[in-house]
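This report concerns only the one structure given below.
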Amino acid sequence: DAGVHSKAWYAATCDRKTAEDALYRSNKDGSFLVRKSSGQDSRQPYTLVVFYNRRVYNIPIRFIESTRQYALGREKSGEERFDSVAEIVENHQCTSLVLIDSQNNTKDSTKLKHIVRVS
């Protein structure tokens, strides 16, 4: 279990547009939620959606079958792995999360600060 179901930040049935709209409305850097990923792919079951600097970032949460752990974004060497999605969120409430803008090739970072609930 990813440890998401009882969490305030988990928006189970929320699609990408609904999540992005909710974050734009919050308009606070570090606003976030976790939603189910759009594609039905067991290797990427969730998406972390983060608002920063007037932009919304959709960061895939990967499930690593071999270790039964979770990691953020594309696979990279030396990546941080977590035993649950809840651990990823707790970790990035304390340590900054790197946000990569693939269009402009820029990097920012923020902590997960404000839980956004989708109505």
- Item | Hull shadow area, averaged, the chain [alpha-carbon convex hull, nm²] | 7.2 nm²
- Lys and Arg at +1, Asp and Glu at -1: add these up for the other residues within a Cβ distance under 11 Å of Y10 and post the number. +4
- Note on the structure: Residue-ordered couplings for the range 54-70, obtained by feeding phi - 60° into the Karplus form 6.51 cos²θ - 1.76 cosθ + 1.60 and rounding to whole Hz (Gly and Pro as x), are 6, 10, 10, 10, 9, 10, x, 9, 8, 9, 9, 4, 4, 10, 6, 10, 10
- Please give the net charge around S102, taking every other residue with its beta carbon less than 13 angstrom from that of S102, where Lys and Arg add +1 and Asp and Glu add -1. +1
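Please give the net charge around S37, taking every other residue with its beta carbon less than 13 angstrom from that of S37, where Lys and Arg add +1 and Asp and Glu add -1.
+3
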- Item | Label-point separation in nm, Q44 to Q93, each point 7 Å along Cα→Cβ | 2.7 nm
- Query: Over the chain, what is the relative contact order in whole percent, taking alpha-carbon pairs under 8 Å and six or more residues apart?
  - Reply: 26 percent
- Item | Selection from I61, A12, F82 lying farthest towards where the dipole of the chain points positive, charges on Cβ | A12
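Provide the gained length on full extension for the span R25 to S66, in nm with one decimal, where the gain is 0.36 nm per separating residue minus the Cα-Cα distance.
10.9 nm
For the range 43-119, which GluC sites (Glu not before Pro) pass both filters: DSSP loop (anything but H, G, I, E, B) and at most 10 other C-beta atoms within 10 Å?
On the way: sites: E65, E75, E79, E80, E87, E90; in loops: E65, E75, E79, E80.
Those satisfying the criteria are E65, E75.
Counting other Cβ atoms within 10 Å, which trypsin sites (Lys or Arg not before Pro) in the range 1-66 have at most 13 and lie in a DSSP loop?
K28, R43, R54
Laboratory data are not the source of any read-out in this text; all were calculated from the coordinates shown. What you see is a predicted model; the values in this text were computed from it and never measured. Every residue, glycine among them, receives a Cβ derived from its backbone with ideal geometry; neighbour counts consider all protein chains shown.
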